[in-house]
Amino acid sequence: MPARIRKIIVQTDEVRVEMGRDIQPPVRKALALAVIDNPCAGRYVENLDALAAIGEELGALLGQRCVQALGIAPEQAHSYGKAAIVGEAGELEHAAAVLHPKLGAALRSVLGKGAAIVPSSKKIGGLGTAIDVPLGHKDAAYVRSHFDAIEARVADAPRANEIVVAIAVTDSGRPLPRIGGLDAAGIQGLDGLR
């Protein structure tokens with residue numbers, strides 16, 4: 001069953017100055033959100049495979065939208081993250097079914113790589129609920145300069161029978177990183193950690 005999408009929102013965030021210092025090149029994040037019908041809303045459903053399939057579809061679609069918004073080649077992506085807000089007629093497990101079994105693999109396929117786990121968050125909420133989409137380097141979870149987040153919010157969603165699904169992709173880490181640890185140039189990309 002394909003996702004029934006009410007709307008898609010794509011936005012970019014570009015930091016050019018931080019603490020009075022010019023950031024060159026600017027730090028950019030893209031966020032793509034889909035507001036979808038929740039086919040399991042209002043009832044207990046044992047098998048959530050339909051939501052996992054929707055997650056796979058949205059991982060590809062929203063990942064592509066993020067790359068397009070940044071105007072980069074997919075392999076130039078640095079970080080990624082995912083999140084979902086389930087309307088009140090759903091349950092937290094509906095967000096887990098969309099985000100975890102298949103969405104990450106579809107997103108990695110769009111980016112051409114991604115050895116590290118895709119950070120995620122989920123919650124239940126009503127219209128205008130905000131959620132932070134956590135970010136981490138796509139190839140090495142230990143790269144501290146890429147620990148970040150971007151807030152996602154849709155003014156008229158989720159309705160009770162909807163889910164807001166968000167994907168974020170960046171072309172860099174935080175502006176002015178200086179807390180040490182593994183840097184992006186030192187990534188081996190073998191185990192998803194280093």
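Every read-out reported here was derived from the displayed coordinates using simple, explicitly stated rules and does not represent laboratory data. Just so you know, these numbers come straight off a predicted model, no measurement behind them. Cβ sites come from the backbone with ideal geometry, for glycine too, and all protein chains shown count toward neighbours.
Summary table below
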{"quantity": "Separation of alpha-carbon centers, region 89-107 and region 119-194, rounded to whole Å", "calculated": "16"}
{"quantity": "Folded to 0 to 90 degrees: helix 49-70 orientation relative to the chain principal axis, Cα", "calculated": "40"}
{"quantity": "Selection from 58, 89, 42 lying farthest towards where the dipole of region 5-186 points positive, charges on Cβ", "calculated": "58"}
{"quantity": "Under 5 Å, built H, 5+ apart or other chain: amide partners of residue 115", "calculated": "139"}
{"quantity": "Given charges at Cβ of Lys, Arg, Asp, Glu: the chain dipole, positive-most of 69, 134, 164", "calculated": "69"}
{"quantity": "Over region 5-186, relative contact order from alpha-carbon pairs under 8 Å, at least 6 apart, %", "calculated": "29"}
{"quantity": "Student exercise, the chain dipole from Lys, Arg, Asp, Glu Cβ charges, in Debye to nearest 20", "calculated": "260"}
{"quantity": "Percent of Cα pairs exceeding the 24 Å cut-off, where the set is the chain", "calculated": "36"}
{"quantity": "Gaussian network model of the chain, Cα within-10 Å springs - most flexible of 50, 168, 32", "calculated": "50"}
{"quantity": "Amide proton proximity set for residue 133, modelled H, under 5 Å, gap of 5+", "calculated": "150, 151, 152"}
{"quantity": "Spacing of the two label points (7 Å from each Cα toward its C-beta) at residue 123 and residue 68, in nm", "calculated": "2.9"}
{"quantity": "Rel. contact order, % - alpha carbon contacts under 8 angstrom, at least six apart, region 1-54", "calculated": "43"}
{"quantity": "Fully extended contour minus Cα-Cα distance, from residue 76 to residue 50, at 0.36 nm per residue", "calculated": "6.2 nm"}
{"quantity": "Inverse of mean 1/r across different Cα pairs in region 1-78, Kirkwood, Å", "calculated": "14.9"}
